[in-house]
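Below is one structure; the comments refer to it alone.
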Amino acid sequence: MRQRKYTILLAVVALVMSSCGVESTALTTLPPSEAALASARLPTTTEVPPLPTVPEARREFEEWDPSVFSDPTRIDNQWMPLRPGTKLVYEGITNEDGSEEVFHQIITIITPLTKVIDGIETVVLWDRDFSDGNLAETELAFFAQDDDGNVWRMGEHPEEYEDGVLLDAPTWLAGIAGAYAGVAMRADPQPNTSSYSQGFAPSVEFIDRALVSELGLETCTPAECYSDVLLIEEFNVEEPGAFQHKYFAKGVGNVRVDWAGTDTTREELELVSVETLSAAEMADVIASALELEAHAYEINPTVYGLTDPIVVP
């Protein structure tokens, strides 16, 4: 199971964020430019690679109706609210195959940027994943909410690094190269319901699914204690017995991650802080997200290159 793991005028961004009522908080230092970190580039090509053969048993994706997205960037699902200007920091460990524990940190920022994917306007998230203090992955992720309140994962552009060297960029975007959008969070998740696709992208072997496991749990993290917590169990049908557990609190979103069964990564994370970024801080975020998008166009012209650029409000 795969783990998820332009310069902007500050005055313009400040005006936008100020008008949205974004408050000021301290910002941790941003890492060096991800593009600058890559001492080796992935080869680029203008040829669309052939799709792998996918057995019918794996072709299970969610019914897609673009007509039910009248306000897709307003993501107010109580279990997965995506409010622009929010920064969430998660910390924990990974313990690959029972080996030495490695400190793990994920920083997720919900940007005010939008991007059209498969005809739907989406909210852009910028994630950074650090392993033992080193950047392991940086990612743009795209989400939209339908009129019923379901949050959809519309695609991802991750860049995976080791020692500052770019290793891989398994991009998938709904509507391109056989990929389909998946459900990131149901409007009314309930136990004892069927599993659902979180996205289907055979070109990068992304076929993860989820199942609502429990409601009404309690958990405490360094950020806060939460009640009435939702547990979602994620899995991949090609890795039977391996599960990742994600815990969601109302009005916050994901607050804890752990594992079960034969999951080899053995990742454990908990939410340590939630911040609202200032206009100046968000200007740095926007610049970094646009830089990452420029790199995506450069290294992935056959998928990312088929999309229109991110829109700055």
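Does S194 meet the test of being in a helix (DSSP H, G or I), in contact with a strand residue (DSSP E or B) (Cβ under 9 Å, 6 or more places away or on another chain) and modelled with pLDDT under 95? Even if it seems obvious, please write down each step before you answer.
Details: in a helix (DSSP H, G or I): no; in contact with a strand residue (DSSP E or B) (Cβ under 9 Å, 6 or more places away or on another chain): yes; modelled with pLDDT under 95: yes.
Here the answer is no, as S194 does not meet what is asked.
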query: Inside the stretch 84-139, can you point out the residues that are open to solvent by 10 Å² or more (accessible area, probe 1.4 Å) and outside any strand (DSSP E or B)?
result: P84, N95, E96, D97, G98, S99, E100, E101, D118, G119, D132, G133
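Return the residues of the stretch 206-222 that are within 30 Å of T171 (Cα to Cα) and either among the β-branched types (V, I, T) or not in a loop (DSSP other than H, G, I, E, B) (or both); say none if nothing qualifies. Quick ask: steps written out before the conclusion?
Looking only at the stretch 206-222, we keep the residues that are within 30 Å of T171 (Cα to Cα), and these are 206-213.
If the condition is that a residue be within 30 Å of T171 (Cα to Cα) and either among the β-branched types (V, I, T) or not in a loop (DSSP other than H, G, I, E, B) (or both), then F206, I207, R209, A210, L211, V212, S213 are the ones that fit.
Out of P43, P31, which single residue is surrounded by 14 or more Cβ atoms within 10 Å (Cβ to Cβ), at pLDDT below 95 and not hydrophobic (A, V, I, L, M, F, W, C)? Before the answer, list the steps.
Numbers: P43 fails: surrounded by 14 or more Cβ atoms within 10 Å (Cβ to Cβ).
None of the other options fit; the residue is P31.
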message: Tell me whether the stretch 166-187 contains one or more residues that are part of a strand (DSSP E or B), of a type in the set (V, I, T) and out of contact with any Pro (no Cβ under 7 Å at 6 or more places or on another chain).
response: yes
- request: Within the stretch 203-215, track down each residue that is open to solvent by 40 Å² or more (accessible area, probe 1.4 Å), closer than 30 Å to A179 by Cα and out of contact with any Gly (no Cβ under 8 Å at 6 or more places or on another chain).
  value: E205, L211, S213, E214
task: State whether one or more residues within the stretch 136-153 are more than 12 Å from the chain's Cα centre (by Cα) and more than 23 Å from F69 (Cβ to Cβ).
output: yes
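Just to be sure before I move on: is P240 part of a loop (DSSP other than H, G, I, E, B) and at pLDDT 95 or above in the structure I sent? Steps first, please.
Numbers: part of a loop (DSSP other than H, G, I, E, B): yes; at pLDDT 95 or above: no.
Judged against the criteria, P240 is not a match.
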Among the candidates E218, E270, E224, residue that is more than 18 Å from L88 (Cβ to Cβ), at pLDDT 95 or above and open to solvent by 10 Å² or more (accessible area, probe 1.4 Å): E218
field: Subset of the stretch 282-292 (residues that are open to solvent by less than 20 Å² (accessible area, probe 1.4 Å) and out of contact with any helix residue (DSSP H, G or I) (no Cβ under 8 Å at 6 or more places or on another chain))
entry: V285, A289, L290
message: Any residue at all in the stretch 64-80 that's of a type in the set (A, V, I, L, M, F, W, C), under 19 Å from G175 (Cα atoms) and open to solvent by less than 10 Å² (accessible area, probe 1.4 Å)?
response: no
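So which of V252, V257, V303 ends up being aliphatic (A, V, I, L, M) and open to solvent by 30 Å² or more (accessible area, probe 1.4 Å)?
Numbers: V257 fails: open to solvent by 30 Å² or more (accessible area, probe 1.4 Å); V303 fails: open to solvent by 30 Å² or more (accessible area, probe 1.4 Å).
When all the criteria are applied, what remains is V252.
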statement: The condition from (1) touching a Gly at 6+ places or on another chain (Cβ under 7 Å); (2) open to solvent by less than 40 Å² (accessible area, probe 1.4 Å); (3) not in a strand (DSSP E or B) that F200 misses is numbered (3)
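Within the stretch 227-237, restricting attention to residues that are in a strand (DSSP E or B) and open to solvent by 50 Å² or more (accessible area, probe 1.4 Å), which residue is farthest from E63 (Cα to Cα)?
Of the stretch 227-237, the ones in a strand (DSSP E or B) are 227-235.
Applying the additional criterion that residues be open to solvent by 50 Å² or more (accessible area, probe 1.4 Å) yields 227-228.
On the way: S227: 32, D228: 29 Å.
Top of the filtered list is S227.
The values are calculated or read from the model by the stated rules, or taken from the named source; none is laboratory data. A quick note: this is a predicted structure, and the numbers were derived from the prediction, not measured. Positions of Cβ are generated from backbone atoms using ideal geometry, with glycine treated the same way; all protein chains shown enter the neighbour counts. Quick note on the areas: whole protein, heavy atoms, side chains included, nothing else; ligands and nucleic acids left out. Shrake-Rupley method; radii C 1.70, N 1.55, O 1.52, S 1.80 Å.
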